[in-house]
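Structure first, commentary second.
The values are calculated or read from the model by the stated rules, or taken from the named source; none is laboratory data. For clarity, every value in this text was computed on a predicted model and none was experimentally measured. Every residue, glycine as well, gets a Cβ built from its backbone with ideal geometry; the counts of neighbours run over all protein chains shown.
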Amino acid sequence: MYAPWNAGSRLGLLIVPVLWMFVAWGITPSWAAPKQVHVQIPPFPVELNGVSIDHQHSTYPLLMYNNVVYFPMSWNFSRAMSLRPEWSETAGFSLLRDNQFRDKLVQDLNGSHKPGQDYSATVAQEPITVNWKRLDNNKEAYPILRFRDILYFPMTWRFTHDEFEWTTQWDSEKGLRLTTVQHKVFYDLFYDEGDRLYASADETVVYSIDKGMKQTPVRLSREEAESIKKKAKEREQPHKLTISAVKKVEYREGRFYYGSVELLSLDRIARLCSPGTTACTASIQAGPPDFEEAIVKMNDQLTLVYLYVELWPSEPGKGGLYRPVSFLIQDGKAQLLEQITQFPDRMIQNPDGSLWFYSLAPEQVRAARTQRAQVWLVRPDGMVEELNSRLQAANVEVLKVKDGTMVVRSSNHLFGVSETKPSDGVYELDTQHRTVKRYDHLPGDVYVDEGGSVFYLNGLKNELTDLTTGRSQFWYDYELVQQLY
């Protein structure tokens, strides 16, 4: 961009575009005598990924040409910006975006300069390509320059935004701030204890984060990470709906029975097959289908029976086809619960005698997997409500349950469809139909701690926000990733 004093004519530039200094190759080009231009040291502060540039003492200072900032691109600068400079005698100079680097800028401070001081630079004459695109430097309004045998690059909107996808900010007091593409480090928050949150970085790496966000997150040792993961599992263990070790449901003469109560006939099982799926129907008719069960006795009058019926068996290298079927046993009769279309993963008893049941969405949604995050409320009188319908959501993720009140996150992201509806967001609801929307849709990870505070983790930015207090903190990837290696 242009500096704010020339903001009237944008010409596709950033407010204060940045120019980089490239590696000094120690090669003197043999092209014609280059054109000389007048440049200056920027008279305002400049920050790169949180590091303030020392204009006065930098060996290769930032420059300004035609109100555009040129940023020095030495080896240290190219690494800090995740750029790969290359040189060859035949192809000249090339610059590629390379996201593998995560280095904090280290400055060479062996110079002495004054802001606003004039210097001479030359227009680079060698062949130059950026992300495999050849530049005609003599026709560029803001050409690449050479200063002290280092190539300098103009940071127009074309380069910072279109080519490198960086973020720039201008502030009258803080000057220019440039943030390069940040590498995703945090994936999700999965546990908390005291004043600490715990976030996974991959399958084995866990970070400990101060809830007050006053400290840089700390990577745990492998032993510490395993200990935290174990605690997280133990916290969830009491709510797991487990498969019955001893089956109480029997399959006799083409029917499923719970004691003397008939649940499902062979004909009704066959209807679970998709229309025209002859292999499924033939498999059922060939013999007793395999099944798993879970039995939940709600009270003296009500019993919930969950069956997971194999419609046709698995083959080598392939999975079988299963269907969940749920029943409410009351007064010696079985009622098919059509609202419950998945086998629940968790169950929580409420003070009023009702039960929350919910299923977990798979970590990866595939076309072959239709499971979604679903929530059901089963009341003491046997009435069943599916919360997904109440919230108009394909997925309802349970974040916290306490004393009958549930905090959930609703969304409508399905396989092949990334749709955000106005109804999506974070809700608080209870067993008496109270439904309060607390926050609109959030694209990252949401976590509710043991104290009820709601945290939002934007993994793409490595940014944590306490939605309850409004406090937010961003960490540069080099602050976090350097702990990984």
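Listed values, structure above:
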quantity: Filtered residues of segment 436-456 (kept if among the acidic types (D, E), exposed (fewer than 13 other Cβ atoms within 10 Å of the Cβ) and closer than 15 Å to D424 by Cα); calculated: D440
quantity: Residue, surrounded by the fewest Cβ atoms within 10 Å (Cβ to Cβ), within segment 170-191, restricted to residues that are under 13 Å from the mean Cα position of the chain (by Cα) and among the aromatic types (F, W, Y); calculated: Y187
quantity: Complete set of residues in segment 418-435 that are surrounded by fewer than 18 Cβ atoms within 10 Å (Cβ to Cβ) and under 17 Å from the mean Cα position of the chain (by Cα); calculated: S418, E419, T420
quantity: Residues satisfying the stated conditions in segment 57-78, i.e. assigned to a loop (DSSP other than H, G, I, E, B) and hydroxyl-bearing (S, T, Y); calculated: S58, T59, Y60, S74
quantity: Candidates V249, V206, filtered to the one that is surrounded by 15 or more Cβ atoms within 10 Å (Cβ to Cβ) and modelled with pLDDT of 95 or more; calculated: V206
quantity: Those residues of segment 122-158 which are of a type in the set (G, A, S) and surrounded by fewer than 17 Cβ atoms within 10 Å (Cβ to Cβ), in sequence order; calculated: A141
quantity: Pick from segment 331-362, criterion free of Cβ contacts under 8 Å to residues at least 12 places away in the same chain and under 22 Å from V407 (Cβ atoms), ranking: nearest to the chain's Cα centre (by Cα); calculated: P362
quantity: Residue check for V181: more than 26 Å from M347 (Cα to Cα) and either in contact (Cβ under 8 Å) with a residue 12 or more places away in the chain or not in a strand (DSSP E or B) (or both); calculated: yes
quantity: Single unsatisfied condition, T90 versus (1) in a loop (DSSP other than H, G, I, E, B); (2) at pLDDT 90 or above; (3) among the hydroxyl-bearing types (S, T, Y); calculated: (2)
quantity: Those residues of segment 6-65 which are aromatic (F, W, Y), more than 25 Å from W475 (Cα to Cα) and at pLDDT below 50, in sequence order; calculated: F22, W25, W31
quantity: Qualifying residues in segment 99-121 (those that are closer than 16 Å to P61 by Cβ and in contact with a strand residue (DSSP E or B) (Cβ under 7 Å, 6 or more places away or on another chain)) - the one surrounded by the most Cβ atoms within 10 Å (Cβ to Cβ); calculated: A121
quantity: Complete set of residues in segment 457-472 that are more than 16 Å from the chain's Cα centre (by Cα), part of a strand (DSSP E or B) and surrounded by 15 or more Cβ atoms within 10 Å (Cβ to Cβ); calculated: D466
quantity: Y142, sole failed condition from (1) hydroxyl-bearing (S, T, Y); (2) in a strand (DSSP E or B); (3) over 22 Å from T90 (Cα atoms); calculated: (2)
quantity: Counted residues, segment 46-93 - those being touching an Asp or Glu at 6+ places or on another chain (Cβ under 8 Å) and under 22 Å from V181 (Cα atoms); calculated: 8
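Yes/no per residue for (1) assigned to a strand (DSSP E or B); (2) at pLDDT below 95:
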position: M406; (1), (2): yes, no
position: N412; (1), (2): yes, yes
position: K421; (1), (2): no, yes
position: K437; (1), (2): yes, no
position: Y478; (1), (2): no, yes
